[in-house]
Amino acid sequence: MTRVLEISGLTKGFTLHHLNNQIAAFDDISFTLDAGEFVLLKGANGAGKSTLLRTLYRSYVPQSGSITFQSSHGAIDLARAADVDIAHLRRTEIGFVTQFLLARPRVSAEAIVAEPLRLAGVPQDDALEQARQALAIFGVKQDLWRAYPTTFSGGEQQKVNLARALIVPQKLLLLDEPTASLDANARAALVNRLTELKAAGTAMIGVFHHPGDVEKLIDRVIDLTPDMIAQEERTDVAV
Amino acid sequence: MTLTLDAPRIVQTRALLQVSNVSKTYGPVKALQNVSAHAYPGEVLGIVGESGSGKSTLLRMMNLEETPDQGSYTLDLPDVQGNLFDLDRFARRMLCATRIGIVYQNPHLGLLMKHSSSGNVAERLLVAGERSFAVLRQKATEALDASEFPLERLDAPPAELSGGMQQRVQLAKAIALEPALLLLDEPTTGLDVSVQALVLDTLKRLQQDRKITMVIVSHDLGVIRTLADRVMVMRRGEVVETGLADQIFQDPQHAYTQQLVHAKL
Ligand SMILES: Nc1ncnc2c1ncn2[C@@H]1O[C@H](COP(=O)(O)OP(=O)(O)OP(=O)(O)O)[C@@H](O)[C@H]1O
Ligand SMILES: Nc1ncnc2c1ncn2[C@@H]1O[C@H](COP(=O)(O)OP(=O)(O)OP(=O)(O)O)[C@@H](O)[C@H]1O
Ligand SMILES: [Mg+2]
Ligand SMILES: [Mg+2]
């Protein structure tokens, strides 16, 4: 198996200077992830699941430890890489699917979905065509494709968000409760797309409200509950 | 962990803009102290910080209107070499006219208020050597159109336009020559909210369609959040912290940045 990620001794807490306060999120986490592997993160509210994903994406800065990512340019430590390299990897190799769409005024749904393709150099017409297909797959009604998602319902926005986040296959995909606020059809579409990506070699780490949805994809579970940070080989996932 | 990060390893292109160790004193005021900043091609660098922290001074230096007491400035462009602060006035003027665009908070600084809007843009092209009237008119119209200026008002002088429209004329003037670098000092301040959103949107489009490298100064963190790839935080003439925009907003490291971000949330 090709290694995609090797996390070693990763520690993250927040220093709130004005309160003179420290909030611990997680301490000394180590694990690895191979191409095509799917890891489910679990743990109670506040266990640090979102914080771990954001640290891997470098929205958060870890205090210590390393995150060795095998990029197509060679190994790089995401904990220390230059901002410009991180920005490049986010465009090309590392995706993050969240619960919320960052809609912008006067930008249509299809344009938002096409944007990652445009950034990857796909010509406008092709990008829009693929974007429409993705919107159709996630069940966004055709009359909304050219409309502005700022006025969409929560579920509709989330479908646009997913179509956008998953349109370019990535090497590493981070998922933070992507099924929240989705109807059953859209959840099924998401699972299909993730299955495709997994088969194509995308490594995934995700938090799911209803892990049952992705049960067939899960290879391992990592529990972030303090003192439980151990990897269970997947035998029977408690879902 | 400190955020003194390694030099880029994956992205092989050089920074387009590099300001190194710039200091400037006005009498007793240390406006800038040992400030360094860079921006890669196509990147948008946001600069935030309290009033008087030196943001506009730094931007004016990037536009070669100001010379620091020490420090250097390079642009990685064809035919542009060495420390730009060493250039004479004429060379500075040519470089700014052709490669750098600027939008000031105060439109009076950037525009001739009594000339026509298209004339304001055409003037920029004239400085760069364009002489054909037809080409001037055509290019000025294109730039105004790209800035989403209503073309039926081409001949109206900025003095007769709203603040948002004036900013569009400044923007058109700034982008008329496809600059490599676009500098924006509070481009949306003083505009009412709906007009602000339109100007922001125009900037976002320019960023996406033309991949112009931008440096944008704003007190409005929403503007910075929308546009910037990276953010630099300044206080009292010094750089406090720089990082990816989402990192600065979600996990600010420095006490001052935390204060700034949380105060505005
Ligand atoms: N940006 C931040 N600044 C300060 N503290 C934070 C920040 N983000 C997270 N935390 C804290 O870190 C801890 C872990 O939070 P996190 O959001 O990672 O939990 P979670 O496991 O995702 O929980 P949930 O299941 O509720 O989503 C919490 O105590 C939280 O308050
Ligand atoms: N030409 C000048 N002569 C004298 N002092 C100056 C000059 N230009 C700037 N200063 C001083 O340098 C400091 C930095 O000013 P600058 O305009 O760069 O601040 P700023 O960060 O843009 O503030 P603001 O957010 O209020 O626009 C201020 O104390 C200002 O008074
Ligand atoms: Mg969470
Ligand atoms: Mg200023």
Residue count, region B:168-190 (criterion: away from ligand 2 (no atom under 16 Å from the Cβ) and not charged (D, E, K, R)): 12
Flag if residue B:164 is more than 16 Å from ligand 1 (Cβ to nearest atom) and either within 14 Å of chain A (Cβ to nearest Cβ) or crowded, with 16+ Cβ neighbours inside 10 Å (or both): yes
Subset of region A:1-51 (residues that are touching a helix residue (DSSP H, G or I) at 6+ places or on another chain (Cβ under 8 Å), away from ligand 3 (no atom under 16 Å from the Cβ) and within 13 Å of another protein chain (Cβ to nearest Cβ)): A:10, A:16, A:17, A:18
Checking residue A:88 against (1) modelled with pLDDT of 95 or more; (2) within 18 Å of the chain's Cα centre (by Cα), the condition it does not meet: (1)
Any pair with Cβ under 6 angstrom, 6 or more apart, that starts in region B:243-257 at a residue that is within 17 Å of residue A:12 (Cα to Cα) and ends at one that is acidic (Asp, Glu): B:253/B:241; B:254/B:241
Given (1) part of a helix (DSSP H, G or I); (2) surrounded by 17 or more Cβ atoms within 10 Å (Cβ to Cβ), number of the condition residue A:179 does not satisfy: (1)
Any hit, region B:110-123, residues being more than 12 Å from residue B:169 (Cβ to Cβ) and not basic (Lys, Arg): no
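This table checks each residue for (1) part of a strand (DSSP E or B); (2) touching a residue at least 12 places away in the same chain (Cβ under 8 Å); (3) more than 18 Å from residue A:96 (Cβ to Cβ).
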residue	(1), (2), (3)
A:4	yes, yes, no
A:7	yes, yes, no
A:10	yes, yes, no
A:25	yes, yes, no
A:28	yes, yes, yes
A:33	yes, yes, no
A:41	yes, yes, no
A:47	no, yes, yes
A:56	no, yes, no
Residue B:71 open to solvent by less than 10 Å² (accessible area, probe 1.4 Å) and in contact with a strand residue (DSSP E or B) (Cβ under 8 Å, 6 or more places away or on another chain): no
Number of positions in region A:52-92 that are open to solvent by less than 20 Å² (accessible area, probe 1.4 Å) and either more than 10 Å from every other protein chain (Cβ to nearest Cβ) or farther than 23 Å from residue B:242 by Cβ (or both): 6
Options B:124, B:99, B:131, B:89; residue that is in contact with a Lys or Arg (Cβ under 7 Å, 6 or more places away or on another chain), open to solvent by 20 Å² or more (accessible area, probe 1.4 Å) and basic (Lys, Arg): B:124
Pick from region B:42-63, criterion open to solvent by 10 Å² or more (accessible area, probe 1.4 Å) and touching a Lys or Arg at 6+ places or on another chain (Cβ under 7 Å), ranking: nearest to ligand 4 (Cβ to nearest atom): B:57
Top-ranked residue in region B:49-84 [being in contact (Cβ under 8 Å) with a residue 24 or more places away in the chain and of a type in the set (A, V, I, L, M, F, W, C); ranked as farthest from residue B:187 (Cα to Cα)]: B:77
Qualifying residue in region B:48-56 (condition: part of a strand (DSSP E or B), modelled with pLDDT of 95 or more and under 21 Å from residue B:203 (Cβ atoms)): yes
Unique match (being open to solvent by 40 Å² or more (accessible area, probe 1.4 Å), under 18 Å from the mean Cα position of the chain (by Cα) and either within 14 Å of chain A (Cβ to nearest Cβ) or at pLDDT 95 or above (or both)) among B:226, B:202: B:226
Of all residues in region A:104-123 being open to solvent by less than 30 Å² (accessible area, probe 1.4 Å) and among the small types (Gly, Ala, Ser), the one that is farthest from the chain's Cα centre (by Cα): A:108
Single match in B:37, B:31 (criterion: more than 26 Å from residue B:207 (Cα to Cα), in a strand (DSSP E or B) and within 16 Å of ligand 4 (Cβ to nearest atom)): B:31
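The values are calculated or read from the model by the stated rules, or taken from the named source; none is laboratory data. Because the structure is predicted, anything quoted here is derived from the model rather than measured. Note: ideal-geometry Cβ built from the backbone for every residue, glycine included; neighbour counts use all protein chains shown. Ligands, DNA and RNA are stripped out before the accessible areas are found, and what is left, the full protein with its side chains, is counted by its heavy atoms. Shrake-Rupley method; radii C 1.70, N 1.55, O 1.52, S 1.80 Å.
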